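In what follows, a single structure is set out as structure tokens and then discussed.
The values are calculated or read from the model by the stated rules, or taken from the named source; none is laboratory data. Small disclaimer: the values here were computed from a predicted structure and weren't measured. Virtual Cβ from ideal backbone geometry, glycine too; neighbours counted across all protein chains shown. Remember, those area values only see protein heavy atoms, side chains included, never the ligands or the DNA or RNA. Shrake-Rupley method; radii C 1.70, N 1.55, O 1.52, S 1.80 Å.
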Amino acid sequence: MSDDDRVYSYSAVLMGSPILLKLFSHDEALASRVFRLIKQYEDLLTVNRADSQVMDINHAAGSHPVSVSRPVYELIRCAKAASAFPGSAFNLAIGPLVKRWKIGFKGDTVPPADEIARLLAITRPEDVLLDDDRCSVFLTRPGMEIDLGAIAKGYIADRVRDYLRKEGAELGLINLGGNVQTLGSPQGGWSVGLKKPFAPDALIGALEVENMSVVTSGTYERFFEHNGKRYHHILDPRTGYPLDNELDSVTIISKNSIDGDIWTTLAYGMGVEKGCAALRARPDIEAIFVTKTKEVVLSSAHLFRFTLLDDDYRVTDNTA
Ligand code: AMP
Ligand code: MG
């Protein structure tokens, strides 16, 4: 390997996740600027602290609209559109339930059923009112809260890719705790691992991609156990409980990471069969479903190559 082929890795902890940046040249100054950019977006979008532009909107729920910066507004508009698909499992107004369950945070508990029913009533995406001219967002009911946790990392991963390109980098990879975005085509492509559920550091397989994003959502990422039952962090907006189906994880391969982030949640809600059917209309987006019974189902595989590394799993490839 010549010096030019060397990969340089830089890491940080941001957004509560380990962040990894890979570059093909040694450039600590560029890496610092990338981490600063991520931090700036986190500060705008977080709901895990008392103040951010999104929290300003949440604090004004039931009271008045709040104007935010154009990028934050556009992201919220995108999240509302994803929430409006018929039967969508994505809901940008899921905040009150996320905060109550506290899954993955100190004090996570199973809320009483009547409380879940009460909170469901203040998670309606239709009650998030947008004004394009003012860039303002109004949550019409008191107690409502926007949560962009299912989309923010994808959005930020795309901004990092754009920034690297603008700075003249031809090759780069950013991993925002499971949201991977890649720039360019190194020899042999970028290799991205597909994690084995509930087995830290073990892989089911590896994907090879170029200029693509790879996003995974899994029940094993954040969960707690109570009376022998596992409760994970992807909530079903129809019931208020964690989504319960045949899946352990969904991985989405797409050009833009924001699509991947939205589609992991959508596909999770659809399950394998409906998910594969829906993606037949979207050749630009492909999915890898990992089931509890150790099946790996590829909706199709034109945007990536997949290598199985764990013989306990069986692969079904629906590529026509
Ligand atoms: P992800 O890691 O992209 O799967 O997103 C998970 C995060 O999104 C959770 O930790 C919550 O903050 C939020 N979330 C949970 N359920 C939903 C849902 N049904 N729709 C939108 N966001 C959700
Ligand atoms: Mg997501």
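Table for the structure above
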quantity	calculated
Among the residues listed as ASP162, ASP127, ASP131, the single one being within 16 Å of ligand 1 (Cβ to nearest atom) and either more than 23 Å from the chain's Cα centre (by Cα) or not assigned by TED's automatic domain parsing to the domain that holds SER249 (or both)	ASP127
Within region 47-59, considering residues that are among the polar types (S, T, N, Q) and open to solvent by 20 Å² or more (accessible area, probe 1.4 Å), the one farthest from ligand 2 (Cβ to nearest atom)	GLN53
Residue that is small (Gly, Ala, Ser), within 16 Å of ligand 1 (Cβ to nearest atom) and surrounded by fewer than 21 Cβ atoms within 10 Å (Cβ to Cβ), where the choices are GLY143, GLY62, GLY87	GLY87
Any hit, region 180-200, residues being in contact with a His (Cβ under 9 Å, 6 or more places away or on another chain), touching a residue at least 60 places away in the same chain (Cβ under 8 Å) and away from ligand 2 (no atom under 16 Å from the Cβ)	no
Strands (runs of 3 or more DSSP E) fully within region 216-320 counting 3 or more residues that are within 15 Å of ligand 2 (Cβ to nearest atom)	247-254, 285-291
Residue among ILE285, ILE234 that alone is within 16 Å of ligand 1 (Cβ to nearest atom), touching a residue at least 24 places away in the same chain (Cβ under 8 Å), of a type in the set (A, V, I, L, M, F, W, C) and within 30 Å of LEU164 (Cα to Cα)	ILE285
Selection from region 151-162 of residues that are in contact with a helix residue (DSSP H, G or I) (Cβ under 9 Å, 6 or more places away or on another chain) and open to solvent by 40 Å² or more (accessible area, probe 1.4 Å)	LYS153, ARG159
Test for VAL296: is it touching a Lys or Arg at 6+ places or on another chain (Cβ under 9 Å), in the same structural domain as PRO242 (by TED's automatic domain parsing) and within 16 Å of ligand 1 (Cβ to nearest atom)	no
Count of region 203-230 residues which are open to solvent by less than 30 Å² (accessible area, probe 1.4 Å) and touching a residue at least 40 places away in the same chain (Cβ under 8 Å)	13
Matching entry among PHE90, PHE138 (being within 16 Å of ligand 2 (Cβ to nearest atom) and modelled with pLDDT of 95 or more)	PHE90
HIS64, sole failed condition from (1) over 22 Å from the mean Cα position of the chain (by Cα); (2) free of Cβ contacts under 8 Å to residues at least 60 places away in the same chain	(2)
Residue match in region 6-26 (condition: outside the structural domain of GLY271 (by TED's automatic domain parsing), part of a helix (DSSP H, G or I) and under 30 Å from ALA278 (Cβ atoms))	no
Residue in region 127-135 that is within 16 Å of ligand 2 (Cβ to nearest atom) and assigned to a helix (DSSP H, G or I) present	no
Hey, GLY193 open to solvent by 20 Å² or more (accessible area, probe 1.4 Å), assigned by TED's automatic domain parsing to the domain that holds ASN318 and in a strand (DSSP E or B) or not	yes
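Residue-wise test of (1) near ligand 1 (Cβ under 10 Å from one of its atoms); (2) touching a helix residue (DSSP H, G or I) at 6+ places or on another chain (Cβ under 8 Å); (3) outside the structural domain of LYS80 (by TED's automatic domain parsing).
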{"site": "GLY178", "(1), (2), (3)": "yes, yes, yes"}
{"site": "VAL209", "(1), (2), (3)": "no, no, yes"}
{"site": "SER217", "(1), (2), (3)": "yes, yes, yes"}
{"site": "TYR220", "(1), (2), (3)": "no, no, yes"}
{"site": "GLU246", "(1), (2), (3)": "no, yes, yes"}
{"site": "ILE253", "(1), (2), (3)": "no, yes, yes"}
{"site": "ASP259", "(1), (2), (3)": "no, yes, yes"}
{"site": "VAL272", "(1), (2), (3)": "no, no, yes"}
